[in-house]
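Below: one structure, written as structure tokens.
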Amino acid sequence: MDARPSVVRPRLTADRPPEVCANHFDECGPHYASGALTNILRLVSRTGKAAIGSVIPGAASRALIWRALCAAPFAFLPGSAFAQSTVSHDSSGPPKLEARDLAAFFGGLIPYALAQGDIAGLSLAVVDGDSVIFQSGYGYANVATGQKMTPFTPVRIASITKTFTFTAVLQLVERHKLDLDRDINAYLDFKIPYTFHKPITLRNLMTHTAGFEDSSEHLFVHDISAMRNLGEYVRHNLPARIYPPGRVIAYSNYGAALAGYIVERASGLPYAGYLEENIFSPLGMRDSTASQPLPEKMASRLSKGYLLASNAARPMNWVEPAPAGAMTSTAADLARFAIAHLNGGSFRGHAILLPKYVALMHQSAWRAIDNLNGYTLGFEEENRNGLRIIGHGGDLQTFETDMHLLPDRKVGLIVLMNSAGSRGAAQKLRVAIFRAFLDRYFPAPPDEAKKRPGMPAPSIEPQWREPISLAAAPRATFCVSIIYLARCGSGSIRMAC
């Protein structure tokens, strides 16, 4: 007998005939969601009610809701009504950012999205000022045993790890052990070839402008006994240099690993030990580690990872370039890290960075074009709704994570999921949650477009390519699979690999 708790599935009813949403939602088209889901979100935002059925009664409306929810993964795509809409509010302004409203808001959206996206579980935390004002878990950390997802459930956080790696670099800059603009060969026990006349610096590594090729090969190992130490990894997996330093952003897991190795060299500590001593311990992050394998106290509570919640959990993969994505943490622990970054480097009197180095890390460090988001020293710029926003996401095969910081408002949002979901629903959901959060609590000013005369809003038109099959081409270089054409006035900007 199957001991797993049943995964919630919508039932076919007279209000929701098969043609609306065959195979749960996979056959639904975006035309169902374009207006309906946006209207539902607006109604939930106005009323704060968790139960959508209580907001829109009646058979016809219930059918509309099901159509919208069935198409939710499509609604989360960039350019959809969900992604672009600004949630309506009363004339008195947006609701107050407080636990009661957050519980109703997220509780009215997330359980439905998890069920429709075939996602097992999600945990999140919201910080405001120097406090965690809301944290919660939804769904399951282990579907087979019925273990619930909570803010204290350890999750593989993937590339959010990089923000810890680059925080460590800034700590050593603060201590005068590293220089952001010195040739990194000065810190290494092997040499990066001088392919171009300009040397690579830590500033380049932190903004992903070192110019390295990035390959899918040797990122993961299935057998922990086959794991090499960090020094061996960076020496034997040196990628080709394909761009001069500082010219373009070429996201690099190797670059982050190299920065972590430089932390080891400058501090005299192993990477995982350095984070434990200099970040986790001062902040009281007791459920965080960069060690592989995990300490037993965490391994027994670690969330399982799923492609689909309706299928069995997948086996663990280990990340060889640990500073690029090996960390395990919880929403509650990441909230402490976020609070420190939002409060001049301190949490409850314990400092991990001086305020001037926090400010340095948060300011824009590289942009291809003015007014487009770029990189700070370790964070991605995510400016939206007239707000300065920095953050970082993470993707492993079975985990999707996000951390967003609003430095000027001292607000942060952490979202962690343990499934890829159907048709990549988790990746789309994490974007949708953040945008809905912003639109509810920090809506764009009505006159935002007037603040920059002569700069019409870009028209973004996605053009699709065939995705690279990593199984068929294990040495394939990572490449952007969507080309965006951004037309600004009479000009045109083409972004592609």
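The values are calculated or read from the model by the stated rules, or taken from the named source; none is laboratory data. What you see is a predicted model; the values in this text were computed from it and never measured. Glycine gets a Cβ as well: all are built from the backbone with ideal geometry, and neighbour counts include every protein chain shown. Just so you know, the surface numbers come from the protein's heavy atoms only, side chains and all, with ligands and any DNA or RNA stripped out. Shrake-Rupley method; radii C 1.70, N 1.55, O 1.52, S 1.80 Å.
Data overview
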{"read-out": "Cβ pairs under 6 Å, 6+ apart, first in segment 212-231 and assigned to a helix (DSSP H, G or I), second open to solvent by less than 50 Å² (accessible area, probe 1.4 Å) and modelled with pLDDT of 90 or more", "value": "Ile224/Trp318; Leu230/Tyr261; Leu230/Tyr271"}
{"read-out": "Test: Tyr274 is over 19 Å from Ala158 (Cβ atoms) and among the aromatic types (Phe, Trp, Tyr)", "value": "yes"}
{"read-out": "Qualifying residue in segment 323-338 (condition: open to solvent by 40 Å² or more (accessible area, probe 1.4 Å), out of contact with any strand residue (DSSP E or B) (no Cβ under 9 Å at 6 or more places or on another chain) and either in contact (Cβ under 8 Å) with a residue 24 or more places away in the chain or at positive phi (or both))", "value": "no"}
{"read-out": "Positions within segment 342-393 being in a strand (DSSP E or B) and of a type in the set (Gly, Ala, Ser), in sequence order", "value": "Ser346, Ala351, Gly391, Gly393"}
{"read-out": "Subset of segment 348-368 [modelled with pLDDT under 95 and open to solvent by 90 Å² or more (accessible area, probe 1.4 Å)]", "value": "none"}
{"read-out": "Number of the exception - Met285 against (1) open to solvent by less than 20 Å² (accessible area, probe 1.4 Å); (2) outside any loop (DSSP other than H, G, I, E, B)", "value": "(2)"}
{"read-out": "Count - residues of segment 397-432 that are under 30 Å from Val143 (Cα atoms), modelled with pLDDT of 95 or more and assigned to a loop (DSSP other than H, G, I, E, B)", "value": "5"}
{"read-out": "Criterion (buried (at least 17 other Cβ atoms within 10 Å of the Cβ) and out of contact with any Cys (no Cβ under 7 Å at 6 or more places or on another chain)) met by exactly one of Pro199, Pro244, Pro193, Pro239", "value": "Pro239"}
{"read-out": "Residue in segment 137-159 that is in a helix (DSSP H, G or I), touching a residue at least 24 places away in the same chain (Cβ under 8 Å) and open to solvent by less than 30 Å² (accessible area, probe 1.4 Å) present", "value": "yes"}
{"read-out": "Some residue of segment 161-171 being among the aromatic types (Phe, Trp, Tyr), open to solvent by 30 Å² or more (accessible area, probe 1.4 Å) and either over 14 Å from Ala332 (Cα atoms) or modelled with pLDDT under 95 (or both)", "value": "no"}
{"read-out": "Exclusive hit being modelled with pLDDT of 95 or more and either open to solvent by 30 Å² or more (accessible area, probe 1.4 Å) or on the phi < 0 side of the Ramachandran plot (or both), set Lys304, Lys297", "value": "Lys304"}
{"read-out": "Subset of segment 120-136 [of a type outside the set (Ser, Thr, Tyr) and open to solvent by 10 Å² or more (accessible area, probe 1.4 Å)]", "value": "Asp128, Gly129, Asp130, Val132, Ile133, Phe134, Gln135"}
{"read-out": "Count of residues meeting criterion [hydrophobic (A, V, I, L, M, F, W, C), within 25 Å of the chain's Cα centre (by Cα), surrounded by fewer than 21 Cβ atoms within 10 Å (Cβ to Cβ) and in a helix (DSSP H, G or I)] in segment 247-281", "value": "1"}
{"read-out": "Total residues in segment 201-242, condition among the hydroxyl-bearing types (Ser, Thr, Tyr) and within 17 Å of Ala365 (Cβ to Cβ)", "value": "3"}
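For every residue, the table says whether it meets (1) closer than 15 Å to Thr163 by Cα; (2) surrounded by fewer than 20 Cβ atoms within 10 Å (Cβ to Cβ); (3) among the aromatic types (Phe, Trp, Tyr); (4) in contact (Cβ under 8 Å) with a residue 60 or more places away in the chain.
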site: Gly378; (1), (2), (3), (4): yes, no, no, yes
site: Asn383; (1), (2), (3), (4): no, yes, no, no
site: Ile390; (1), (2), (3), (4): yes, no, no, no
site: Gly394; (1), (2), (3), (4): yes, no, no, yes
site: Leu405; (1), (2), (3), (4): yes, no, no, yes
site: Lys410; (1), (2), (3), (4): no, yes, no, yes
site: Leu416; (1), (2), (3), (4): no, no, no, yes
